[in-house]
């Protein structure tokens with residue numbers, strides 16, 4: 001898939017937002033490879049992203065979790081949703097549960113007649129994707 005102008009703008013803004021955190025970690029004595037490992041990439045991969053390369057969803061999620069880096073993509077903001085009401089067994093009341101909320105979009109060309117794609121509501125903000133494919137015999 002070809003990068004769009006919005007992709008390039010997002011990657012540039014992501015690098016600008018991440019750089020101060022990487023610099024701070026480097027000043028604390030961490031190597032680029034150590035920082036990169038925490039972000040799920042190699043040292044070279046992190047350097048490429050700091051130079052404007054497009055980060056993976058994993059890197060975006062980890063940068064948010066570790067440093068609070070959140071960059072808009074065409075007006076859509078990656079935000080955190082914190083629920084202090086949900087508690088797992090043995091969890092202290094002061095522990096926060098964090099969830100990264102990302103936009104999700106499915107696009108498909110006109111499906112063939114033997115393929116049916118349905119999005120079935122399962123609750124608030126929950127859906128089941130059902131794909132049915134007919135097999136010729």
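Read-outs: derived from the displayed coordinates by stated rules, not from any lab. Bear in mind that the values here come from a model prediction, so they are computed numbers and not experimental data. Here the Cβ is made from the backbone with ideal geometry for all residues, glycine too, and neighbour counts use every protein chain on show.
Can you pull out the residues in the stretch 26-62 that are outside any helix (DSSP H, G or I) and surrounded by 12 or more Cβ atoms within 10 Å (Cβ to Cβ)?
Result: 30, 39, 40, 41, 42, 52, 53, 54, 55, 56.
Filter the stretch 29-61 down to residues that are over 21 Å from residue 2 (Cβ atoms) and touching a helix residue (DSSP H, G or I) at 6+ places or on another chain (Cβ under 7 Å), then give me how many there are.
Going through the stretch 29-61 one residue at a time, the tally reaches 13.
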